[in-house]
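Undergrad: Have a look at this one before I ask anything.
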Amino acid sequence: MKNYIKLFTASTLLILSSCSNDFLDTAPVTEKVAENFYKTPKDAFEGLVSIYDVLQQEGGWAGFQMITEEASDNCFGGFGTADGIAVLDWDRFKNSSDPEMNNVVWQSCYKGIYRANILLENLDKVNWGTDTALKAKYEAEARFLRAHFHFELARIFGDIVPLDHSINTSEFNSPRLAPEVTYALIANDLKFAVENLGTENYSQVGNPNYGRITKWAAESYLAKAFIFYTDYYTKPDLAGVVTKAQAVTYINDVVNNSGHALITDYSRLWIAASLANYAGEGNTEMVWAIRYNGSGKGDWNLHEGNRLSVLIAPRGGNIGRYAYGWGGLPVTPSLYGAYEVGDTRRDATIINFAGEGLNFDPAPNKRDQRQYTGYAWKKYCPVTNEAGIADVTANGGNFQIDNVEDYAVIRFSDVLLMAAELNLGTNDAFAKTCLDKVRDRAFQNASHRVAATLPNIMKERQLELALEGQRFFDLIRQSPAIAKAAIDNVNSDSQFNVTFRTETLGWFAIPQSQIVLSNGAIKQNPGW
């Protein structure tokens, strides 16, 4: 069967498997296919771009960041009173309303894996001439991205079907495999990226390669995978591929040699928190970010903009500096209250409507905000211009799909906190130095330092990385019981009651369609 460059998800391929072999084997006349496409480095670059392109499709409704933040103790479900209840199900760890509610993550990740495998399988067909280093670079980027998509799936669903090649019809009914198989693939892909990417720092302002994978991103991601896998599965190493000592070496290398650093003012990282003082997407703190822009200009067939922004923006119209959206994922009072007095991160992370003098009326005949808490996302919130018009609209875009703020997957502060965690017990002084840097920036002084202990580091991760898609995994990797203690919420107003179900072990429900398409080879997760 021909592997078309316009790639399909595995579920789509299952549908195609019912077509006649004669039709599938007919040589295409007008379409580019893998068998006739990969000839030049330019062709390989286009294949690489197609993998990166999936990253932009992950954001927005039911995307990775949205559903994991909602499942954490950072947010409730929100949106409007007449909106569907799937958002409440994510918050409460149910799927009573939609058995397909997690299909966006499943499909987008497997699409990315498929595209990566197609490129990797065709690199040897390209005439590289003497530029073998370019081949190794493209392979490294593709393998990093394949690891990224596998890691997202594995953190959301637990056991998955790891794929190191493009599957054929005989493999459509493959079962999920043990986590060590998936994480060995992740670790080996990331190690290859570390070993075959240079020491460029793409975060420099104006660098045309900003947003592409670097050695520093790969080393950071190896540490992140190590921490999650060894914590959740109580293992001494990363699937027999990366030892604790190696993980420490990787993350310390990023701290000491990458050239990345904290910017001096936390608020300058986020557009809505800084406005004219915004540090820009190319600031030195961004180790790896998913890039967005407004070039789609309202074209719903493109995925250029950050589609999460409209979901979390204030409901019912522009208010103050903040452009309007759908009022999803209102911030919990517990997150707002977790910040100490003087911590600059609180007001850079969270909109406090009353505290900022904003008259937000949540009533159904006003802004119609479900689960109004008085708090909303400031990170990733779109803004208005001086005339009170949403910036994206003023620039010719669609406010729903053309917001421009990049999603920070790995910031240098995350690197410092991972280094603090991994160095505990072996290099406590270095662990303390890393933690101090994050705390000092948060308070703009050195008088709020705390001991470098695991509880303190985990607390710092909550405050520093709030609303960035990290918190839920930091909870479940400690234990389902710790996740439950943090997430459960009992309130006199029942709309805010949340109960984390430990029987799920922290995994999300597998989309029912995927179980059906696999003819039962894929089994549902426990508790669902």
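Undergrad: Student exercise: in the range 182-307, how many lysine pairs 8 or more apart or on different chains have Cα atoms under 23 Å apart?
TA: Count of close lysine pairs: 9.
Undergrad: If you take every DSSP beta bridge whose two residues both sit in the chain, what share of them, in percent to the nearest 5, is antiparallel? Don't skip to the end; give the middle numbers.
TA: Values: 15 of 16 bridges.
Taking every DSSP beta bridge with both residues in the chain, the antiparallel ones total about 95 percent.
Undergrad: Something else about it: For the range 278-319, which chymotrypsin sites (Phe, Trp or Tyr not before Pro) are in a loop by DSSP, counting at most 13 other Cβ atoms within 10 Å?
TA: Values: sites: 278, 288, 292, 300; in loops: 278, 292, 300.
Sites meeting the loop and neighbour criteria: 300.
Undergrad: For the range 53-148, max minus min Cα coordinate along each principal axis, in Å, sorted largest first?
TA: So the three principal-axis extents are 62, 24, 19 Å.
Undergrad: Related question: Amide H neighbours of residue 390 under 5 Å, counting only residues 5+ apart in sequence or on other chains, H built in-plane at 1.01 Å?
TA: 385
Undergrad: May I ask for log10 I(q)/I(0) of the range 416-457 at q = 0.14, 0.26 Å⁻¹, from a Debye sum over the Cα atoms as equal point scatterers with solvent left out?
TA: -0.25, -0.79
Undergrad: Right, something else. Nearest 10 degrees is fine. How inclined is helix 454-464 to the longest principal axis of the chain, computing both from alpha carbons?
TA: 90
Undergrad: For the chain, which semi-axes, largest first and in whole Å, follow from the square roots of 5 times the eigenvalues of its Cα gyration tensor?
TA: 35, 28, 25
Undergrad: How much mean residue ellipticity at 222 nm does the chain get from its helices, if each DSSP H run of length 4 or more adds -39500 (n - 2.57) and you divide by all residues, to the nearest 500 deg cm²/dmol? Could you put the intermediate results ahead of the total?
TA: Values: 22 runs with 226 residues, N = 528.
Dividing the helical sum by the residues of the chain leaves -12500 deg cm²/dmol.
Undergrad: Follow-up question, since we're still on this one. Report, in degrees rounded to the nearest 10, the 0 to 90 angle that the Cα long axis of helix 215-232 makes with the longest principal axis of the chain.
TA: Taking Cα atoms only, the helix is inclined about 80 degrees.
Undergrad: Continuing with this model, one more query. When only DSSP loop residues count, what GluC sites (Glu not before Pro) in the range 294-363 have their Cβ near at most 16 other Cβ atoms within 10 Å?
TA: Working: sites: 304, 340, 356; in loops: 304, 340, 356.
Within the range 294-363, the qualifying GluC sites (Glu not before Pro) (loop, at most 16 other Cβ atoms within 10 Å) are 340, 356.
Undergrad: What angle do you read, to the nearest 10 degrees and between 0 and 90, between the alpha-carbon axis of helix 412-423 and the longest principal axis of the chain?
TA: Orientation of helix 412-423: about 80 degrees from the principal axis.
Undergrad: For a footprinting-style exposure proxy, rank 447, 413, 258 by other Cβ within 10 Å, fewest first.
TA: Numbers: 447 9, 413 27, 258 21.
Going from sparsest to densest Cβ surroundings: 447, 258, 413.
Undergrad: Which semi-axes, in whole Å and largest first, does the equivalent ellipsoid of the range 218-311 have when worked out from the alpha carbon gyration tensor as the square roots of 5 times its eigenvalues?
TA: On the way: eigenvalues 219, 77, 27 Å².
For the range 218-311, the semi-axes come out at 33, 20, 12 Å.
Undergrad: Could you please rank 219, 503, 141, 46, placing first whichever residue has the fewest other Cβ atoms within 10 Å of its Cβ?
TA: On the way: 219 27, 503 10, 141 23, 46 15.
Ranked by crowding around the Cβ, least crowded first: 503, 46, 141, 219.
Undergrad: Over the Cα atoms, compute the radius of gyration (one decimal) and Dmax (the largest Cα-Cα distance, rounded to a whole number) for the range 440-516, in Å.
TA: 16.7, 58
Only the coordinates and a few stated rules stand behind these numbers; no lab work does. If you're wondering where the values come from, they're calculated on a predicted model, not measured in any experiment. Cβ atoms come from the backbone with ideal geometry, glycine included; neighbour counts cover every protein chain shown.
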